[in-house]
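What follows is a short report on a single structure.
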Amino acid sequence: MIELINVNKYYKDKHVLKDINLDVKRGEILALLGLSGAGKTTLLKVMNLLEDIDSGKIIFDGIDVTNLNENEKVKYRRRMCLVFQKPEFFRGSVFDNIAYGLKVRKVSKREIELRVKEALEIVGLKGYEKRNVKTLSAGEAQRVNLARALVIEPEVLLLDEPTSNLDPKNTEIIENIIKTAREEKGVTIVIATHDQGQALRISDRIAIINDGKLEQVGYKEDILFNPRTLFVAKFLGMKNIFKGYAKNGKIFFEDLEITVNSNINGEVFFGIRPEDIMIVREGRKKENMLRVKIERINLISASIYEIESYYKSTKIYIHVPRHVVDVMKLYKGKYINISLKKDSIRIFPK
Amino acid sequence: MNNIEIFLDSIRRAIELILSGDPYVLSVTIVQLKVNLTAVMISILLAIPLSIILSFKEFKGKRLVLSILSTLMSLPPVVVGLIVFLILSKSGPLGFLNLLFTPEAMIIAQTILATPIITSMSVASIKSVSDSLKYVALTLGANKYQMILSILNEAKYGILVAILAGYGRVAAEVGAILIVGGNIVTYEGISYTRTLTTAITVEASMGRLDAAIAFGLILMLISFIINLTLFILQRRSV
Ligand SMILES: Nc1ncnc2c1ncn2[C@@H]1O[C@H](COP(=O)(O)OP(=O)(O)OP(=O)(O)O)[C@@H](O)[C@H]1O
Ligand SMILES: [Mg+2]
């Protein structure tokens, strides 16, 4: 639907987008995941033809839209809509603001009224037409912000951190609206977020952007379990990353010899997700087993405990379901055996 | 009569003068309003497009234009009057138009006084509309023209304030119109280029306190109306 080819963008001397190649497919939800300042907003503006690029190509629905004049840009821009992170409204009522996109498209008054009403219902703000936008709460404002894009029925919806200032309840409402828009209208959606949980919850594919570069693009399972770079691995919660020396399918680390599925030789980083580490019952044997001391046990979600443990001076995080802590009688100071399954270990050459 | 009594008597007679519809007072007021209003109208026609260009177009020399405007804004009216005088005088570049000492000359001078202030205040108020609202308009499908209209609509109170400030500047101004208008009254005692402000200087210097006060009162009324409108606008704009 939108394809970016070798896109580069500078603000003055600052290289903000670096050789971006990205193909947003029709009807998908793509999460653009990156830290603050990574270039998410800029990338969305580029897709929306709101910012010019310095080199590269933008293809929209098969048509090269890189170097259009302002009038032609409007034509393509009207097939998409960008919802900005901070809701900014025109002076006036909720109705005026939601009607804006339809008015500039010269939609008839009657139809505008119907569609605004419908859009408000979709975002759960039925009857808010006459409210002054200045009186809206942050959650309501973000929903009106979204309604004003949905009412246009764009083919592509570009969302810039639509929930970054909202509480969990409002976040869930917004996420549901987004998912419904895709399911019912087949809208193609690109959502910028710095929240990996959100990216996983609502997207089909995730594109990780770091300092203006796309680190990895792929289906979320792929990104999660086969991170290609250290950055992606860390960003998506691979909390255990160690430095070691690899040789002939083994990694030497502390005084251990860890078997891995790789033939890389030399200094490497290797990592394992905390939830992939298994606690081994006393007396049993498992691959890559080591004995660690529990330093801290912390409930980090309704169902998961995070165990902070040490092997010599190396800190290792382990995530276990809640009941495991009781069943295995885990407590601070206890020594346990853990297994680093070789299928779960990822290796990143230095 | 002591001084205070003389003063109070002048005020009483001034009010009588106004209420009686004295032709001289009336004509001075009309010239004042005509010159001020026409100058501000022309200024609006120049300043609004200019401020749109300055706000929405990037071009070389934009900074220069803006700094010229702010210089013109702080120029004393007498100096502007002198410049217009030199240009319109017999030997000046536009001398052939024979405009010196006419209401038109006054309008020209006041247009030069009002345009910079209306322009730069309008630019400031357009600038105060959040930049991201431009992007909002565009992404919602506005073309450039629609986007500019929307932003102007956001800035409209600020622009109205700018216009009133321009009006305030020319309404209170004496120096420029005195030089280029000549403060002329016809033999029948009807104003040709005499305004409330220039009239006050003449009447006061000739000791005709009642007339001077009458003109002062009318001028105060005008500026009161401007300020009241400004006050209402500023309350509406927040
Ligand atoms: N108009 C601009 N002029 C100069 N630099 C800019 C401009 N807009 C963005 N930048 C810079 O470009 C970089 C990327 O900014 P961008 O807003 O795209 O990041 P982001 O990923 O959206 O961040 P956040 O999560 O904080 O919104 C930042 O370093 C920012 O300072
Ligand atoms: Mg951003």
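For the interface of chains A and B, what total accessible area is buried with a 1.4 Å probe, rounded to the nearest 100 Å²?
Values: alone 17700 and 13190 Å², together 28980 Å².
In total, chains A and B hide about 1900 Å² from solvent.
If I fit a long axis through the Cα atoms of helix B:62-73 and take the longest principal axis of the Cα atoms of chain B, what angle between them do I get, 0 to 90°, rounded to 10? It is inclined by approximately 20 degrees.
If you roll a 1.4 Å probe over the range A:141-262 with all protein chains in place, what percent of the accessible area is carbon or sulfur?
Numbers: 2300 of 4980 Å².
Whole-percent figure for carbon plus sulfur exposure: 46.
Here the label points at B:Lys57 and A:Arg79, each 7 Å from Cα along the C-beta direction, are separated by 3.2 nm in the simple model. A Förster radius of 56 Å combined with the Cβ-Cβ distance from A:Arg291 to A:Asp167 puts the calculated FRET efficiency at roughly 0.85. Per residue, the accessible area of chain A comes to 48 Å², computed with a 1.4 Å probe over protein heavy atoms only. Residues of the range B:129-143 that bury at least 40 Å² of accessible area once all protein chains are present, compared with their chain alone (1.4 Å probe, heavy atoms only, ligands and nucleic acids left out), are B:Leu133, B:Tyr135, B:Val136, B:Leu138, B:Thr139, B:Leu140, B:Gly141.
Spin-label pair A:Lys57-A:Glu183: with each label point 7 Å from Cα along the Cα-Cβ axis, the two points sit 3.7 nm from one another. With a sphere of radius 13 Å drawn around the Cβ of A:Asn71, what net charge do the other residues whose Cβ falls strictly inside it have (Lys, Arg +1; Asp, Glu -1)? With Lys, Arg at +1 and Asp, Glu at -1, the neighbours total +3. Note on the range A:183-244: Lys pairs 8 or more places apart or on different chains, Cα atoms under 25 Å apart, count 7. Placing a label point 7 Å from the Cα of A:Asp64 along the Cα-to-Cβ direction, the residues of the range A:1-23 whose backbone N falls under 19 Å from that point are A:1-9, A:19-23.
For chain B, which longest stretch is free of loop sites, where a loop site is one of the GluC sites (Glu not before Pro) that DSSP puts outside H, G, I, E and B and that has at most 14 other Cβ atoms within 10 Å? My reading of the result: B:59-187 is the longest stretch. The modelled label-to-label distance for the pair B:Ile232/A:Ala138, using points 7 Å beyond Cα in the direction of Cβ, is 3.9 nm. Among the residues of the range A:44-82, those with an accessible-area drop of 50 Å² or more from chain alone to full protein complex, heavy atoms and 1.4 Å probe, are A:Leu50. Per residue of B:190-198, other chain Cβ atoms within 10 Å of the residue Cβ number 0 on average. Sorting A:Asp326, B:Asp22, A:Asp13 by solvent-accessible area of protein heavy atoms yields A:Asp13, A:Asp326, B:Asp22, largest first, with a 1.4 Å probe.
How much accessible area per residue does the range B:84-238 have, counting only protein heavy atoms and a probe of 1.4 Å, in square angstrom? Kindly include the intermediate steps, with their values, before the conclusion.
Values: 6970 Å² over 155 residues.
Ligands and nucleic acids excluded, the result is 45 Å² per residue.
Which value in deg cm²/dmol, rounded to the nearest 500, describes the helix-derived mean residue ellipticity at 222 nm for the protein assembly as shown, given -39,500 (n - 2.57) per DSSP H run of n ≥ 4 and division by the residue count? Kindly include the intermediate steps, with their values, before the conclusion.
On the way: 21 runs with 279 residues, N = 588.
Only helices count here, giving -15000 deg cm²/dmol.
Here r is the Cβ-Cβ distance between A:Glu221 and A:Asp326 and R0 is 35 Å; the resulting FRET efficiency, rounded to 0.05, is 0.70. Calculated FRET efficiency, B:Thr201 to B:Leu66, Cβ-Cβ distance, R0 = 51 Å: about 0.90 to the nearest 0.05.
How about the range A:275-350: which GluC sites (Glu not before Pro) there are in a DSSP loop, with at most 10 other Cβ atoms within 10 Å of their Cβ? Passing sites in the range A:275-350 are A:Glu282.
Classify the range A:213-293 as rounded, prolate or oblate from the Cα gyration tensor: take a ≥ b ≥ c as the square roots of its eigenvalues, call it rounded if a/c is under 1.5, otherwise prolate when a/b beats b/c and oblate if not. Show your work: numbers first, answer last.
Working: a/c = 2.23, a/b = 1.43, b/c = 1.56.
Cα axes put the range A:213-293 in the oblate bin.
Short-range pairs are left out: with C-alpha atoms under 8 Å and at least six residues apart, the relative contact order of the range B:96-238 is 28 percent.
The values are calculated or read from the model by the stated rules, or taken from the named source; none is laboratory data. This is a predicted model, so every value here is computed, not measured. Don't worry about glycine lacking a Cβ; one is built from the backbone with ideal geometry, like all the others, and counts go over all protein chains shown. Side chains included, ligands, DNA and RNA excluded: accessible areas come from the protein's heavy atoms. Shrake-Rupley method; radii C 1.70, N 1.55, O 1.52, S 1.80 Å.
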